[in-house]
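Since the structure comes first, as structure tokens, the remarks are kept for the end.
No lab work stands behind these numbers, since they all come straight from the coordinates. What you are looking at is a predicted structure, and each value in this text was computed from that prediction instead of being measured. Heads up, the Cβs are rebuilt from the backbone with ideal geometry, glycines too, and the neighbour counts pull from every protein chain shown.
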Amino acid sequence: MTATRSLTVPATRTRRRRRATGDDTRKVNWWLTAVVAVLSLTVLIPLYFAVVTALKTPDQLAGTGFELPTAVTFENFVNAWNLTEFPRTLMNTAVIAVGAVVLTLLTNSMVSYAIARNMHKKFFKGVYFYVLTALFVPFPIIMLPVVQETAFLGIDNQVGLILLYTVYGLSLNVFIYTAFIRSIPIELEEAARTDGASTWRVFWQVIFPLLGPMNATVGILTCVWAWNDFLLPLVILSDPNARTLPLAQYVFQGQFNTDYTTAFASYLMAMAPLLLVYVFAQRWVISGVMRGSIK
């Protein structure tokens, strides 16, 4: 028996090595790797251009713009910090973005749950398609009535912006949430109801924890939109002290010229917090998907 084991184990290891080698060879798709490498350059090249420009002086902008700075300067970041009043505008943008994300996750998920579990009823199906039609309505068409209404109600401020981001994102978010909720087995809710749980408790203790990947996706989309948006804060905010980073960065564009070096330094400063949020949320999405696959 010992001799048999000694012959079987090396043979098994050899087959495993061959299988692993064969799998590694088959998994390498050089065409796809080349496409990914080329597409990554579409992100890295503009990022390189932004960093290089932010470290230059205005006198060094001659040429193609891709040359390394002859003398690195960080004065552009200091000027951008002062001109945009960076701490205050950063706080204004963060308050709006965080408020929009939190309110969107709480309200849009509840609306989607009500629609997904009652899709067999004509009323809820009509509401679903009615909400989706908002995807095809351009904002400039309703911009003037929205500006007048927010001014009349006295919400031409940060609170009004948070409400608008929540409402305008409802159509896309309902589309995302509804498809995911309908894939959740109804037996989980029936088991909770058998134990005496109400609809409210079923949603918060059963459904909402399972929406982790979708919450991360909707949160990322809402955060990026609210952080980088220029048009809504421009037409809604009436208090100059409540301006956001995109509005403050408009100071670099004059009538006849643009301060590119200071502007790109400001763009990098505004982009850094959002990149950290995205990296954190991306990892959370992957972990949520893996938990769902294990279940």
Task: Those residues of the stretch 107-127 whose amide nitrogen sits under 19 Å from the label point placed on VAL167, 7 Å along Cα→Cβ - done: 107-112, 127
Open item on the list: If neighbour count is taken as other Cβ atoms inside 10 Å, put VAL102, VAL35, VAL131 in order from fewest to most.
Closed with: VAL35, VAL102, VAL131
Open item on the list: Starting from the 7 Å offset along Cα-to-Cβ, what nm value, one decimal, do you get for the label separation of GLU67 and VAL137?
Closed with: 5.3
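With 10 angstrom as the radius, rank VAL28, VAL98 by how many other C-beta atoms surround their C-beta, starting from the fewest. Let's see the in-between values first.
Details: VAL28 8, VAL98 16.
Listed from fewest to most nearby Cβ atoms, that is VAL28, VAL98.
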Task: Cα Rg, Dmax (largest Cα-Cα span) when computed across the stretch 119-173, Å - done: 13.6, 40
Task: Stokes-Einstein D (µm²/s) once Rh is taken as the Kirkwood radius of the stretch 76-294 over alpha-carbon pairs, at 20 °C in 1.002 mPa s - done: 110
- [ ] Provide SER171, SER238 in ascending order of the number of other Cβ atoms located within 10 Å of each residue's Cβ, fewest first.
- [x] SER238, SER171
TODO: Give me the net charge of VAL127's neighbourhood, meaning all other residues with Cβ under 14 Å from the Cβ of VAL127; Lys, Arg count +1, Asp, Glu -1.
DONE: +4
Open item on the list: Suppose each label sits 7 Å from its Cα in the direction of the beta carbon; what would the PHE175-ALA197 distance come out to in nanometres?
Closed with: 3.0
Task: Under 16 Å from the GLU190 label point (7 Å along Cα→beta-carbon), backbone N, the stretch 105-123 - done: 117-118
Open item on the list: With a cap of 13 neighbouring Cβ atoms within 10 Å, and only residues DSSP puts in a loop, list the chymotrypsin sites (Phe, Trp or Tyr not before Pro) found in the stretch 229-273.
Closed with: PHE230, PHE256
